[in-house]
Structures are given as structure tokens and as C-alpha cells.
Amino acid sequence: MFLLNLPINIKEQAAIERRRSEEQKRLSRIFNVKYRTIGIDKTALDEQVQERQYMKDLEKQRNDAFDREMIRNDLKQRLLEQEEFSEKRQYAQELNNYRLLYQKPEDSREWDLNDPNKWKKLAPARTSDDDPRLSLSSGQKFAGEDLQNSIRKKFQQEQLKNYFDLQTQVKTERNKQERLASLLYDYKQMELNEQSNRFEKMENECHRAIEIATRNYNEILARETKIRVNEQKTRQTEEQLAEIANAAFSDMLTESSTSVSDSRCHIMVDQWKGMSRDQLEDIRHQQLSQIAERQKRNDAEKSFDETWKKYSDAIAKQAIIVEQQIEGDRRKYNHCLANENKNLAKIQRERQDYLNSITSTKNIIMGNKPQIILYGLATSTCTQRVIATLAEKQLNFKLTSIDVAGGEHKMVFKFMVRSFVFFKILIIAQLKLTILFIESRAICRYLELKYTGKGTELIPTKDGKAQAELVKIGEGHLFESRPRVKQWWDKMTERVSRKTVQAMQ
């Protein structure tokens, strides 16, 4: 059942009273002879015009806001693109700088073989007759002698004559071409003048024809416009008379309440007198049901949000616990790794101290100080080759290890760039002269030639076949295919130098 004792809504009652007062004012305006215009309500039309203008202004403001937002987004995009472009450009510039500084082709080991200008840099055997390298005994030139003087003068005179003849011929040909071009230009100008006169005459005739056609067309348009205006006036008069008749006998003036809806069951606003109490109670009942449904939906959303928040907090706590466990495991791993590195460093120091003690004891027994300083790593094959050579030659030396991982090679040898330099460097100090070698095989050959007759002879100087076999000794199949070579290799591995290298590793 409908609730009949509901309180009256003050806002709805005020709205109804306002519409009734506006309707009374409109009726007073309609039936006022002083301000009435039959068939047209100018005040209502002005309000419609103002409302339409307001909607246009509102649409324009909205479009302007969208345009400003688009411009701001475009500016942001341009700034982001410029930033990305600058980052890419900076990265490319840093890469090029790195290549220019640290990857120069002239710093490579084979540059002297791959240099494209190596032949250009070589000086020729003789540049000219005035070359200072030509001495009196060379027999290339004698003072005061000029055997080709007459031939050269004759050739120069003929060359000068030919040059003058060529200039005369060119000048004559140029004058001839200029006269011909001038004559052709005059003929062309005369032809163009005649053609322009003919075109001008044709253009004047066309203008006259166009003016005549335009005048006739304008006369026809004027007659058609006059007829159309007369027809429009007649039609407007008939429409106005019909509108006056419809307005005089319409339901609006007669205030007939029988037909409030049109053929499409739409309410005609100009003939509507307001809703009944039953309609108002029905609307109020629907509003209350909508309020209850909205409240129920808000409660359901609130409970769902609380449940989701609890679930998110539980997941976050679990993630924090897992991260703490991972961090603890990482700290334990770093601690174990630090202890292992410390133990390895301690073992390395003890081993180095032992080797230094052995070297110093040997130097004290032999009664002299080491004259040879070897920089390198004991684990490097190149360094072991030099150590074996020094031991075979019975020379005093001192091995100085280089911490490559710590960057010591960069502080000591700043002029060394290639990687193999840091593992095989020999410095021999003799009196005030310091000799520097950076190739292990060159060091071994230098020691053999420098200290010939001391220790073991490593390079045979008389037997050429033995030297060839010594060069091929690096081939692994020789040890198994030749019994004598294998016997020699077994003997070499038992020597003191081999054991010294193994002890220093």
C-alpha cells in the first residue's frame, strides 16, 4: 500500500510553486496587449538563445581545456624524447672517446706490419740532384755542365709559339660565337614581340566576351532572385496566418487538460500542469528503494576492501620475512668468502716470505747482490721460461711479483699498454745502465748471448740441424715419435732449473 501520511518535501513544493508562478507570468505576458506578439513569445526565444549561447561557451571552454591538456602532453613527450636523444648521444660519444683513447690501431702489436703508410714513410734512394746524400764520389752530377741547354730552349720556344697560336684561335672562335648568339637573340626577341601582340589581342577579345556573358548571367540571376523573394514572402505570409490560427484555437490558450501527451506518449511541457499526489508518492517510494540498494552495495564494497587489505598486509609481511632470510644468507656467504680470501692471502704471504728467504740466503752464500730483477707472476709460462734460463746460466736474480688484480702494473709501468707486458719484464742493472726487455724469448736469447760460456750452453752455435730441431721442439708429436728427443726431454725435466721453477710456483 502507498504511504499517505508522508511529509511534504519542501524543495519539491517550492519547485512546483515556482513553476506555477512562471506559468502565471507567462500567461500574463501572453494576454497583455501591450507586450504580446501573436504567434511568437520573444522572451522565451531570447532565453533559448541565451541558453544555446551558454552551451556553446561551455563546449568551447571544454574544447580549450582539452587543447591545453594535449599541448602539455606534447611538451612532456618532446622533453622525454629530447632527454632520450641526449642520453643516446652521450653514450655514443663516450663509446667513441673510449675507442679513440684505448683502442687505437697504432697501439696494436702488429701495427708496424699493417700500417698502410709504411712505404710512404720510407725515404727514396735519391730525391733530386741537390740531394745532400749525394757526395762527390757518387758521380751523379758535375758542376757547370748543362748538355741539354739548346734543346730545352728550342722546345720552350716551340711551346710558347703553340700557346700563342692556341690563344689566337680560341679568341677568334669566341668572337664568332658571340656574334652568332647576338644575331639569334635579336631574331628571338622579334618573334616573341609578335607573339605577345597576338596573345594580347586574343586576351582583349576574351575579356569582352566574358563581360558580356557575365552581364547576361547577372540579369538572369536578378530576375530569378526577384521571383524567389516574392514566392518566399507569399509562403511566409501563409505560414504566419496558419500559425496565428493554430495558436488561437490550440489547447495552450483554451487550457484543455484532456490531451497532455502527444502521439508518442511524450509529455508536452507547455501543456503540463504538474504531477498528481499518487505520482509523487510513487517517485518517493522508488527513491527510498534506490537509497537502500546503494547503501547495501556500499557496505559490500567496504567489507571487500577490508578483506583485500588484510590479504595484502599478510603477503607484504611474508615478503619482508623472505627478504630478511635472503639478506642473512648473503651476509653469511660474504663472511665465509672473506675468511677464505684472508686464508689464501696468508698462505701466499708465507710462501712469498719463504721464497724471499731462500733467495736472500743464496745471495749471502754467493757473496754478491742480485744484478737482475725479474718482474712477473710465478704462475705465468713466460716468467717460468725466463726463470729456467737464469737458473741454467747460474745467474743471481730477484723475482718481484706484480699484483695485476690490484692495479700495481698501472702504477709501476704506465707506459706499458699491451697485456703480455705485465708477465715478462726483465731489468738488468749494470753500473749506471738499465736495460729493459718485455718479451720472454728475447730475454732468454739476450741472457745466452750476454753470458756466453757461463753455466749451460742453451743455443747450439755450430750445428745448424740442432738449431732447427730446437725451433721445432714445441711440437708435441716429437716427444713420442723420436726416442732420443723423449730421452732428452726426460733429462731436462730432472734438471735443477726445472725444479727451481716448480718450487717458485
Asp64 versus Thr237: modelled label distance in nm, points set 7 Å from Cα along the beta carbon direction: 4.8 nm
Gain upon complete extension [Tyr98, Ala15; 0.36 nm per residue less C-alpha separation]: 21.7 nm
Long-range HN-HN contacts of Ile372 with modeled amide H, under 5 Å: Lys398
Of Lys120/Lys450; Lys88/Lys121; Lys56/Lys226; Lys76/Lys302; Lys11/Lys42, those spanning more than 32 Å from alpha-carbon to alpha-carbon: Lys120/Lys450; Lys88/Lys121; Lys56/Lys226; Lys76/Lys302
Listed residues Trp489, Trp119, Trp111, Trp308 arranged by accessible area, highest first, probe 1.4 Å: Trp119, Trp308, Trp489, Trp111
Computed E for Glu194/Glu158 - FRET, C-beta separation, R0 51 angstrom, nearest 0.05: 0.40
Only Lys, Arg (+1) and Asp, Glu (-1) charged, at Cβ; segment 307-352 dipole about Cα centre in debye: 120 debye
Surface accessible to a 1.4 Å probe, Lys176 within the full protein complex, Å²: 120 Å²
Surrounding net charge for Glu323, when Lys and Arg each add one and Asp and Glu each subtract one, Cβ distance under 14 Å: +1
Segment 145-212-segment 274-328 distance, computed between alpha-carbon centres (Å): 97 Å
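The values are calculated or read from the model by the stated rules, or taken from the named source; none is laboratory data. Given the structure is predicted, the values throughout are model-derived calculations rather than measurements. Please note: Cβ atoms are built from the backbone with ideal geometry, for glycine as well, and neighbour counts cover all protein chains shown. Side chains included, ligands, DNA and RNA excluded: accessible areas come from the protein's heavy atoms. Shrake-Rupley method; radii C 1.70, N 1.55, O 1.52, S 1.80 Å.
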